[in-house]
Amino acid sequence: MVSIPNGAQSAKKAFQNNYEWINHYDKVVIFFDNDEAGQKASKEAASVLPPGKAFIGFLEDYKDASEALQAGDSEAIRAVHNYDHLQYQPDGIVDAKTLLELVTTPSPAADHDYPFKGLQDKLHGIRYGELVTLTAGSGIGKSSVLKELCVDLLSKGERCGYLALEESNRRTALGLMSVAARKPLHLGEQQRSELTEIFDKTIAKWNLHLFDGFGSYDPDHIYNRIEYMAAGLETKVIFLDHLSILLSGLEGDERRMIDTTMTKLRSLVERTGIAMFLVCHTTTPPNGQSHEEGGRVQLRSLRGSRSIGQLSDSVIALERDQQSDSERNATTVRVLKNRYSGEVGEACQLKYDLDTCKFNETESHSEFDPTTDF
């Protein structure tokens, strides 16, 4: 039995300074105070030793050994030496034998359905803890689809956060109200009385939080606000539109910045358990038809870095020929990645009615082609 010289806060350094002597023992039981500081110091000290050698002792009913001895319970101290200790495992390492309760607890296949049957059939629903990326060329309708998804969830009573980084809260609110009212309220002049009536039926009743950045799009600021929405406001679904503007004011290598940003967003989704829909732009195709003229979108079309596709649970692409006389309102919805079931390919066709702000869905009949759909 030996003691560290200067308290728990210096335990790790004491272990490092005396490493050779401590390490020659086959088994080392670290027995510090049973408070938060003592347990933290125990793990820090244990991390210095080789795997499997360090064990952490604990007292169920006392703060420390002194308190147990003052209570006349010397047997509790002997128990720590003999069996009341656990082998130290670094954070992130889990003994699979402990997972029975986790794997046998029923969980729903999805937390919400998609409003479009084709997407629902492919992706099997919206799930908390997943990151879904929506991508397309400029002006194809990413934000319109995002608002359709958001309003559908809000109408079901879900708590949503909407961060539209390239439009004002007024435009975002009017856009969401337009989807719910099936009328383009953001176009032309509207009567105040009508807007008030629609507002009272929609936003006034929704569990919705918007983001007002006051011109600040610093990524850390955005992460902080999303985490606050999730933890402080119990928001379960976040819509972030879009990735490119989040990084537009920063200097440095774009690919590295996107890698860092996607890693943080992925971690945030895992840590908070939210579902996140992220909008991402596409690159200009090196050859062939542009995405603004109906060109095929692939995973490699995601702008900036492959980490966007790699860290997303699902990737949904929109394809539309803006210049077509007959099909400029027809959008092909394609699933590029589907971690849940692996089903990818064309999901459905959507035709947007500007007068009603509504997407009318038609079933896709194209067959799955493994040479192009992965």
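The values are calculated or read from the model by the stated rules, or taken from the named source; none is laboratory data. Note that the structure is a prediction, hence the values are computed from the model and not measured. Positions of Cβ are generated from backbone atoms using ideal geometry, with glycine treated the same way; all protein chains shown enter the neighbour counts. Keep in mind that these areas ignore ligands, DNA and RNA; they rest on the heavy atoms of the full protein, side chains included. Shrake-Rupley method; radii C 1.70, N 1.55, O 1.52, S 1.80 Å.
For residue 203, what is the net charge nearby, where nearby means another residue's Cβ is under 13 Å from its Cβ and Lys, Arg count +1, Asp, Glu -1?
It works out to a net charge of +2.
Which order do the peptides 116-125, 75-84, 187-196, 228-237 come out in when sorted by mean C-beta neighbours inside 10 angstrom, highest first?
116-125, 228-237, 75-84, 187-196
GNM, the chain, Cα, under 10 Å: largest mean-square fluctuation among 108, 184, 50?
Residue with maximal mean-square fluctuation among 108, 184, 50: 50.
Farthest toward the dipole's positive end in the stretch 51-175, which of 144, 98, 114, given Cβ charges of +1 (Lys, Arg) and -1 (Asp, Glu) about the Cα centre?
Looking along the dipole axis, the top candidate is 144.
Using only Cα atoms, find the angle between the long axis of helix 142-155 and the longest principal axis of the chain, and express it within 0 to 90 degrees, rounded to the nearest 10.
Around 70 degrees separate the two axes.
Keeping every protein chain in place, order 363, 20 by accessible area at 1.4 Å, biggest value first, i.e. largest first.
20, 363
Work the Kirkwood hydrodynamic radius out for the chain: mean of 1/r over every pair of different alpha-carbon atoms, inverted, in Å.
So the Kirkwood estimate lands at 24.5 Å.
From the mean inverse distance of alpha carbon pairs (Kirkwood) and the Cα radius of gyration, derive Rg over Rh for the stretch 311-357.
Rg divided by Rh gives 1.10.
Rounded to the nearest 10 degrees, what's the angle between the helix 36-46 long axis and the longest principal axis of the chain, both from Cα atoms, 0 to 90?
Compared with the principal axis, the helix lies near 80 degrees.
Calculate, for the stretch 234-296, the solvent-accessible area per residue in square angstrom, rolling a 1.4 angstrom probe over the heavy atoms of the protein chains.
I get 46 Å² per residue for this part.
Do the sum for the chain: with -39,500 (n - 2.57) for every DSSP H run of n ≥ 4, divided by all residues, what is the mean residue ellipticity at 222 nm, to the nearest 500 deg cm²/dmol?
Mean residue ellipticity at 222 nm (helix-derived): -10000 deg cm²/dmol.
Taking the Cβ of residue 340 as the centre, find all other residues whose Cβ is under 13 Å away and add up their charges (Lys, Arg: +1; Asp, Glu: -1).
Its environment carries a net charge of -1.
List the aspartates and glutamates whose alpha-carbon lies under 15 Å from that of residue 201, not counting same-chain residues fewer than 8 positions away?
Once the sequence-local aspartates and glutamates are set aside, what remains near residue 201 is 152.
Helix 219-231 versus the longest principal axis of the chain: what angle, 0 to 90°, nearest 10, using Cα atoms?
Roughly 80 degrees between the two axes.
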